[in-house]
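The values are calculated or read from the model by the stated rules, or taken from the named source; none is laboratory data. Being a predicted model, the structure only gives us computed values, none of them experimental. All Cβ positions, glycine included, derive from the backbone under ideal geometry; neighbour counts span all protein chains shown. Side chains included, ligands, DNA and RNA excluded: accessible areas come from the protein's heavy atoms. Shrake-Rupley method; radii C 1.70, N 1.55, O 1.52, S 1.80 Å.
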Amino acid sequence: VRMAVRAALALGCTIRETSVFARKNYFYPDLPKGYQISQYDLPYSEHGHLDIEVGGESKRVRILRVHMEEDAGKNFHDRGDDSIVDLNRSGTALIEIVGEPDLRSGAEAAEYLRTLRDILVFLGVNDGNLEEGSFRCDANVSIRPVGQEKYGTRTELKNINSFRFVEKAIQYEIERQESVLTNGGKITQETRGWDEKSGTTYSLRSKEAAQDYRYFPEPDLPPLKL
């Protein structure tokens, strides 16, 4: 909790004195108990920002919230014909930093992550290791016609383990969505993986909306009072 608050303060977030843990319910092999302890409508912090510099210009990126939750397991799909799940990290406490949709390119996203990682490592709350999974990124990508305010349907790119691959994956996904829409197709809300060998994204599963997770207050944990 102390490390979580330290990270939120460094990102200019407002700390909520009383926050509530929630159960996020979904079925997937990396979550054997069928729910994840997280925070939903009352996170411990919200409304911060991170300043980045891209191409010689500075940009302020808003942060919607930083909340605490438990980690799930890790699925491996590159072991021949089978998939396996590693549950060693299940239940480990972590923070999730949720950004507002202010990033406009893969290059901006990569710089955002580099800056964020430097801050967290400096604070001593993270070792910044992408390959071992202690610093991870899920990138949401959506496109919209010029002049339109409403964002298009988004896809989520999961657990990309280098800044270079984040930039490449986002750029590929932007181009893929443009191609689908140009050819009269529709973007489906889904979670996609990144194949670094082929340089393409691929569908993993359909992506739930918030109501599909059936959030409710975690009955085994009292509210967190700071």
Quick one: dipole size for the chain, taken about the Cα centre, charges +1 on Lys/Arg Cβ and -1 on Asp/Glu Cβ, in debye to the nearest 20.
360 debye
Sequence gap at least 6, Cα distance under 8 Å: using those rules, report the relative contact order of the stretch 73-156 to the nearest whole percent.
12 percent
Accessible-area ranking of VAL125, VAL85, VAL66, largest first, probe 1.4 Å
VAL85, VAL125, VAL66
Once fully extended, how much extra length lies between ARG104 and TYR26, figured as 0.36 nm per residue of separation less the alpha-carbon to alpha-carbon distance?
25.0 nm
Suppose every Lys and Arg Cβ carries +1 and every Asp and Glu Cβ carries -1, with no other charges. What dipole size does the stretch 104-226 come out with about its Cα centre, to the nearest 20 debye?
320 debye
Candidate cut points under trypsin sites (Lys or Arg not before Pro) in the stretch 128-226, DSSP loop plus at most 10 other Cβ atoms within 10 Å of their own Cβ, are LYS150, LYS186, LYS197
Over the stretch 31-173, with neighbouring protein chains present, the accessible area per residue in Å² at probe 1.4 Å is 55 Å²
Rounded to a whole number, what % of the accessible area of the stretch 125-192 do carbon and sulfur atoms account for, probe 1.4 Å?
44 percent
32 Å Cα-Cα threshold exceeded, pairs from LYS74/LYS186; LYS59/LYS150; LYS33/LYS186; LYS150/LYS197:
LYS33/LYS186; LYS150/LYS197
Expressed as a whole percentage, what fraction of the accessible surface of the stretch 1-80 belongs to carbon and sulfur atoms when a 1.4 Å probe is rolled over the protein heavy atoms?
52 percent
Hey, got a sec? Which chymotrypsin sites (Phe, Trp or Tyr not before Pro) in the stretch 5-50 land in a DSSP loop and have at most 11 other Cβ atoms within 10 Å?
PHE27
Considering the dipole of the stretch 58-101 built from charges on the beta carbon (Lys and Arg +1, Asp and Glu -1) around the Cα centre, which of ILE63, GLY73, SER83 is farthest to its positive end?
ILE63
With an 8 Å Cα cut-off and a minimum separation of 6 or more residues, compute the relative contact order for the chain in percent.
19 percent
Match the structure shown to one of the listed values [x] 0.98; [y] 1.04; [z] 1.16 of Cα Rg over 2.2 N^0.38 Å, computed from it, and give that label.
[y]
If DNA, RNA and ligands are ignored and the probe is 1.4 Å, what is the ranking of THR200, THR14 by accessible area, most exposed first?
THR14, THR200
Size of electric dipole in the stretch 59-102: Cβ of Lys, Arg +1 and of Asp, Glu -1, about Cα centre, debye, nearest 20
380 debye
In the stretch 82-99, which residues have a backbone nitrogen under 18 Å from the label point lying 7 Å from ARG6's Cα in the Cα-to-Cβ direction?
93-97
Which helices of the chain meet both criteria: a Cα extent of 15 Å or more along the helical axis and a mean Kyte-Doolittle score no lower than 0.5, with helices taken as whole DSSP H segments?
106-123
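Multiplying the sequence separation of SER198 and ILE84 by 0.36 nm and subtracting their Cα-Cα distance, what value in nm do you get?
Separation in residues times 0.36 nm, less the Cα-Cα distance, equals 38.8 nm.
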Using the Cα gyration tensor of the stretch 1-91, with a ≥ b ≥ c the square roots of its eigenvalues, what is the shape: rounded (a/c below 1.5), prolate (a/b larger than b/c) or oblate (neither)?
oblate
